[in-house]
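Just so it is clear, none of the values below were taken in a lab; they were calculated from the coordinates. Note that the structure is predicted; figures quoted are calculated from it, not measured. FYI the Cβ positions are ideal-geometry reconstructions off the backbone, even for glycines, and counts take in every protein chain you see.
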Amino acid sequence: MAEDVIESGGGGHPPPLELVGVSKSFGGVAALRDVSFTLESGEIHGLVGENGAGKSTLMKIIAGVHTEFDGIMKIDGREVRLASARDALHNSIGMVHQELSVVPDLSVAENVFLGSQPVTAAGTIDWRRMNREAKKLIASLGLDIDPTTRMGSLPVGLQQLVELSRVLFSGARIIILDEPTSALSPPEVARLFGVLRKLRAEGHSLIFISHFLDDVIDISDRITVFRNGRKVATERVADLDKHKVIGYMIGRHSAELHMGEATELKSDDKKPIVLDVENASDGSVLESFSLSLRAGEITGVYGFMGCGQIELARMLFGKLPVWKGALKLDGRPVRFPSTAAARRAGIAYLPENRRMMLFRSEPVYKNVSIAILDRINRFWLKPDKERAITDAHIKDLQIRPPLNSALLGSLSGGNQQKVALAKWLTHLPKVLILSEPTRGMDVGAKEDVIRILKSLRDRGVAILVLSTEPETILTLADRVTVMKKGKVAREFAGRHLEKSDLLAAA
């Protein structure tokens, strides 16, 4: 695939950052394969690719988190081997993470100078100097914030800019921003972009990582695309558009088309609506979100990390309150003040993190029966009945090894997911909610889980599958809703749907 790569900057000066032939493996699995990457002075360089494409691994090498790798890394033309994240800071490399590392109960100034507060001759913190210098630094970003303000009282967008000011205070000339717009409103994005353009004009070099392609195209000078651990393209933004970037990401211009690239949605509007979400908000992430789950149908909700999927699942399962809007179950308004109330109403939820709901040090049969102990053991334990129920699920779901006494922690991830499913299937739920149901599984385990979910659909269960992996959605869903920053971005039903459609909508 042709690449349009800019060489070193003018005047013969070496670029601030250069990587040549970098490869990195984990347990024999290649995460990066012979990657070369150049960041120019006074450039905003966008980095895109699907989950697992290699972006995060490369950034962790640059930021000094992964210290062992093959290949060469150069800063200002000088070959380096960073020993730690602190070593990266000493080499003028700073990173603003997606999950902010601010301390909400400290002041803005304390966050800016965290770990490096100025002191007086007596050895105490020089509060006056710290507040004065913090205000000056923040003002250099075009912000007017009282440095004594409690950090946690600021909107997320301002907290992010304060963290950026802390990175600048450390002396960083190379700044990595990981998904910086995922939790920001449009005005906050515009303010952030204004700050980034100012930093670029001052000669800073920035790497901008995001799944939001519109944002990457808007702010970047060049974009590098990763796929399957390889760099597949670096081009100037002037030569790109969103569809071309998506084509690079999914290999549309190559022979690398796989299962899960497209599907025919078999939605049926005649099927009864079991659970209706009407203009619901959680007061934080979700905003006027609507969704209908139908009996005997799998609804997929696709979106990038931080789009609001987790909040949606928790709201439907009684973990988060419905701040505005309404939920209707079988046409009747409902409120779930707790997860117990949601379970009694026939809602089942399997979170992405299986460890949240399973006991790895206990046998399989105890993990399966725990959700129904109040129904089968009203006055005393009946382990024989628990084992019999579990044995039926082991046979039906093909759990391996087929031993109800096996410790859960000894099972593979795929079989643990089957046990998690079995926990909810003794009494068939009306609504089954699953977050990333096949993540981290081998092909055989994925096929088993897909078979199980389609079987439950055919038995009339309304299923909601939430995933950041387009292949999962395309493999399972009968209809699809795309989420973007807590809102419905687009809905697809009764039509041909391709992976590129999902990426474009998100």
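Summary table
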item	result
Descending semi-axes in Å of the range 41-174, equivalent ellipsoid built from Cα gyration tensor	30, 18, 13
Share antiparallel - DSSP beta bridges, the chain, percent rounded to 5	55 percent
Cβ charges +1 (Lys, Arg) and -1 (Asp, Glu), total dipole of the range 262-505, debye	700 debye
Paired Rg and Dmax values of the range 379-486, which use every Cα atom, in angstrom	15.2, 49
Residue-wise HN-Hα coupling along the range 212-222, computed from phi with Karplus coefficients 6.51, -1.76, 1.60 (Hz; x: Gly, Pro)	7, 5, 4, 5, 4, 5, 5, 9, 8, 8, 9
Largest-first ellipsoid semi-axes for the range 301-431, taking √(5λ) over the Cα gyration tensor eigenvalues, angstrom	29, 19, 12
Mean Cα-pair separation over length for the range 6-82, i.e. relative contact order, pairs under 8 Å, 6 or more apart, %	37 percent
Packing rank of 417-430, 122-135, 38-51, where each peptide gets the mean count of other beta carbons within 10 Å, highest leading	38-51, 417-430, 122-135
Cβ-based charge dipole, the range 318-369, positive-most Cα from 325, 345, 361	325
Selected from 57, 172, 304, residue furthest toward positive end of dipole (the chain; charges at beta carbon)	304
Length released on extending from residue 490 to residue 121, taking residue separation times 0.36 nm less the Cα-Cα span	126.8 nm
Diffusion constant of the chain at 4 °C, which comes from Stokes-Einstein with the Kirkwood Cα-pair radius and 1.567 mPa s, µm²/s	51 µm²/s
Rounded to 5, percent antiparallel among DSSP beta bridges of the range 262-505	55 percent
Simple label model, 7 Å out from Cα along Cβ direction - residue 198 to residue 357, nm	4.7 nm
Where a label projected 7 Å from the Cα of residue 439 along Cα→Cβ would reach, residues of the range 50-71 with amide N under 13 Å	51-52
Furthest towards positive pole of dipole, 419, 162, 193, structure part the chain, Cβ charges	419
Tail fraction, Cα-Cα pairs, the range 281-369, threshold 19 Å, whole percent	48 percent
Ranked by how many other beta carbons lie within 10 Å on average, peptides 112-118, 221-227 from highest	221-227, 112-118
Solvent-free Debye scattering, log10 I(q)/I(0), computed from the Cα coordinates of the range 262-505 at q = 0.12, 0.18 Å⁻¹	-0.67, -1.42
Listed pairs 24/231; 55/198; 242/484; 454/487; 266/499 exceeding 19 Å between Cα atoms	55/198; 454/487
Chain lengthening between residue 129 and residue 36 when straightened (0.36 nm per residue, less Cα-Cα)	29.1 nm
